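Let me begin by presenting the structure, written as structure tokens, before commenting on it.
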There are 2 protein chains.
Amino acid sequence: MEAVDDADQLPETPKNEVMSFFESAPPLKDAAETEKSLKEFVDRNTSLSVNRKANRVVCVTSGGTTVPLEKRYVRYIDNFASGHRGAASTEYFLKAGYSVIFLYRRGTCQPFCSLLPDDPLLECFSVADDSNIEVDPLHAETVKRAITENRAAVADGTLLKLPFTTIFEYLQILQLISASLRSLGPSAIFYLAAAVSDFYVPWESMTLHKIQSASGPLDMRLAQVPKMLSMLRNEWAPMAFYISFKLETDQDILLAKADMALKKYKMHMVIANELSTRKEEVIVVTEHEKVTVRRDSTQAGAEVECPLVELVVDRHSAYIKKVDA
Amino acid sequence: MEAVDDADQLPETPKNEVMSFFESAPPLKDAAETEKSLKEFVDRNTSLSVNRKANRVVCVTSGGTTVPLEKRYVRYIDNFASGHRGAASTEYFLKAGYSVIFLYRRGTCQPFCSLLPDDPLLECFSVADDSNIEVDPLHAETVKRAITENRAAVADGTLLKLPFTTIFEYLQILQLISASLRSLGPSAIFYLAAAVSDFYVPWESMTLHKIQSASGPLDMRLAQVPKMLSMLRNEWAPMAFYISFKLETDQDILLAKADMALKKYKMHMVIANELSTRKEEVIVVTEHEKVTVRRDSTQAGAEVECPLVELVVDRHSAYIKKVDA
């Protein structure tokens, strides 16, 4: 579903189209502040040593981008994505000693929270007679883990969370991240799990006010989002290790598209997901092999992201060795 | 933004169009269970007396409906709505002695939680050295209030929460609610604050799998959602008290459309919201007057929903008297 790697049959997006996408996009709020926190984050994590894999930083993108249909943003097209894949993968990357930039859709699943109910505050807590707040014993361990591990990662400075909503924000922040990770060369990973819009209404041609219902049906023409993955891969951070995702509902289309994305965008790995089985298994497609990764179904709460991230870390280590050799 | 009362210039939706919308919609999951909990809820709340306004039940709709573009539901069109208006209004209706059926979009703002940060679990709690969970003193009162008042309302049986995501679910559940409230006559209120889609892709003409990007732009044709408000108002629960909402980004269009909706759908009140000022003030449009309702800006945390619901309750009481006379 990625804008960046869907429609692989298409010719490369010309650079001027990419430029004009950025030039016509609404300016990113807090751009200077985001750049500053990225700089501090990268500086801190490249000077770490004890117990950390020095210099290894992964940018995990997570959740779906939206495409506004009106500038004032009443209606928009959205992509379904709970953000579970990105949130769970972030946990395993942190465990593996990586620093993580978590670029996530506002309101989607957060790291260390994927096993909690949808509304943990109202579902896990109660107020006792002495007016102390108590946790439901059933959820106590999960809640404690969520709070402590999230706090620890943020306090350690090994997890930086950056939220987005629209396709414009997503691509603008991704560009800032690539600029800050470029100097890390092969030690940086882009783990692009977000569901990025394929089609959008160019900002300049967008109506300012709410679309008024007229008599009869509504006809809409949406333009293709320029394929940014080529720019990111070849120009913004050309030495990084790249992993993109393919989600399809039709198994027949899936592997063909994964192969195409691998070649066209020179990905190091493409993770192929089929919508109905994606929590049980994924197929990891690389230049030389296709590996099916399954969750350990003998263990309660085991997630497919655990062996998946292990495999990614293994291949990333090999990649760094090869580049450094 | 309501499907039910936008495009007021249009002629009434023919009944067969409404029928065919429901017939072609995907079947509602848990329909029998929803009917059962509605029946129990209405039975319980019409036999209450002490400290409650017996028989008075309000159905508050809240948040935006989605329109799937594919049956497997990867992409959809969404309407922006935090659900804050509906959640806050629910609190004030409960305080006023009403029982509330809260028909809300999954993931949107919940009653008693509107003053909390976006992610209360990660932002308000910490784990102490003795491994007890503690609340950040800054948020302690708000958190306690959210937990106790929500629990109390659900435990008392005066608050019934029913979630929806798509336009299909929303309209199907609304029909079940109207069937269960019909017998209450003028004691029932429909407070329709949800942002309902105007346009949709009819289920039958929808693609099963993900739309594949082709070369060039994507052309989409969306059909109008049949205007259900007439059916609800005139046939499903004709004696109830009706309040609908108009949200526009253009002040000039707003009042004209509110007036039109009032007349065309025989609403008792239409609440006119301008997107940029809607948290400060709204204009309540009735047959004989336009009243501007403002939040009490001299009081910290005061919400516009407090005087708004007061006004609604006042007019509802007058309506019941008039009908009963």
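The values are calculated or read from the model by the stated rules, or taken from the named source; none is laboratory data. Here the structure is a predicted model, which means the values were calculated and not measured. Cβ coordinates were reconstructed from backbone atoms using ideal geometry, including for glycine residues, and neighbour counts include every protein chain displayed.
What number of residues within region A:239-269 are under 30 Å from A:Ser180 (Cα atoms) and without any contact (Cβ under 8 Å) to a residue 24 or more places away in the chain?
1
How about region B:184-205: which of its residues are within 14 Å of chain A (Cβ to nearest Cβ), buried (at least 18 other Cβ atoms within 10 Å of the Cβ) and not hydroxyl-bearing (Ser, Thr, Tyr)?
Answer for region B:184-205, where residues must be within 14 Å of chain A (Cβ to nearest Cβ), buried (at least 18 other Cβ atoms within 10 Å of the Cβ) and not hydroxyl-bearing (Ser, Thr, Tyr): B:Ala194, B:Ala195, B:Val196, B:Asp198, B:Phe199, B:Val201.
How about region B:101-195: which helices (runs of 4 or more DSSP H) wholly inside it have at least 1 residues that are among the aromatic types (Phe, Trp, Tyr)? Please lay out each step first, then the result.
Values: elements: B:120-124, B:140-156, B:167-181.
Answer list for region B:101-195: B:167-181.
In region A:216-253, which residue that is touching a Pro at 6+ places or on another chain (Cβ under 7 Å) and within 14 Å of chain B (Cβ to nearest Cβ) is farthest from A:Phe168 (Cα to Cα)?
A:Arg221
With respect to the numbered conditions (1) within 8 Å of another protein chain (Cβ to nearest Cβ); (2) in contact (Cβ under 8 Å) with a residue 24 or more places away in the chain; (3) among the aliphatic types (A, V, I, L, M), which one is the sole condition not fulfilled by A:Ile133?
(2)
Filter region A:105-152 for residues that are among the polar types (S, T, N, Q), closer than 15 Å to B:Val127 by Cα and surrounded by fewer than 14 Cβ atoms within 10 Å (Cβ to Cβ) and give the result.
Going through region A:105-152, the residues among the polar types (S, T, N, Q) turn out to be A:108, A:110, A:114, A:126, A:131-132, A:142, A:148, A:150.
Then keep just the ones that are closer than 15 Å to B:Val127 by Cα; that gives A:132, A:142, A:148, A:150.
Within region A:105-152, just A:Asn132 meets the criteria.
Find the strands (runs of 3 or more DSSP E) located wholly in region A:218-323 whose residues include 3 or more that are loosely packed, with under 15 Cβ neighbours inside 10 Å, and list them.
Values: elements: A:218-224, A:241-248, A:269-274, A:281-285, A:290-294.
Filter on region A:218-323 gives A:290-294.
Let's see how each residue does on (1) touching a Leu at 6+ places or on another chain (Cβ under 8 Å); (2) in contact (Cβ under 8 Å) with a residue 12 or more places away in the chain:
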{"site": "B:Asp156", "(1), (2)": "no, no"}
{"site": "B:Leu160", "(1), (2)": "yes, yes"}
{"site": "B:Phe164", "(1), (2)": "yes, yes"}
{"site": "B:Leu174", "(1), (2)": "yes, yes"}
{"site": "B:Ser180", "(1), (2)": "yes, yes"}
{"site": "B:Tyr191", "(1), (2)": "no, yes"}
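When you check A:Ala146 against the structure, is it over 18 Å from A:Val67 (Cβ atoms) and modelled with pLDDT of 95 or more, yes or no? So that I can check it myself, show each step before the final result.
Values: over 18 Å from A:Val67 (Cβ atoms): yes; modelled with pLDDT of 95 or more: no.
Judged against the criteria, A:Ala146 is not a match.
For region A:119-130, name all the residues that are free of Cβ contacts under 8 Å to residues at least 12 places away in the same chain and more than 7 Å from chain B (Cβ to nearest Cβ).
Hits for region A:119-130 are A:Ala128, A:Asp129, A:Asp130.
Would you point out which residue out of A:Arg145, A:Arg221 is of a type outside the set (A, V, I, L, M, F, W, C), free of Cβ contacts under 8 Å to residues at least 60 places away in the same chain and closer than 30 Å to A:Ser47 by Cβ? Even if it seems obvious, please write down each step before you answer.
Working: A:Arg221 fails: closer than 30 Å to A:Ser47 by Cβ.
Among A:Arg145, A:Arg221, only A:Arg145 is of a type outside the set (A, V, I, L, M, F, W, C), free of Cβ contacts under 8 Å to residues at least 60 places away in the same chain and closer than 30 Å to A:Ser47 by Cβ.
If I ask for residues that are part of a loop (DSSP other than H, G, I, E, B) and within 12 Å of chain B (Cβ to nearest Cβ), which ones from region A:69-100 would you list?
Initial filter on region A:69-100 (part of a loop (DSSP other than H, G, I, E, B)): A:69, A:71-74, A:80-83, A:96-98.
Correct list: A:Leu69, A:Lys71, A:Arg72, A:Tyr73, A:Val74, A:Phe80, A:Ala81, A:Ser82, A:Gly83.
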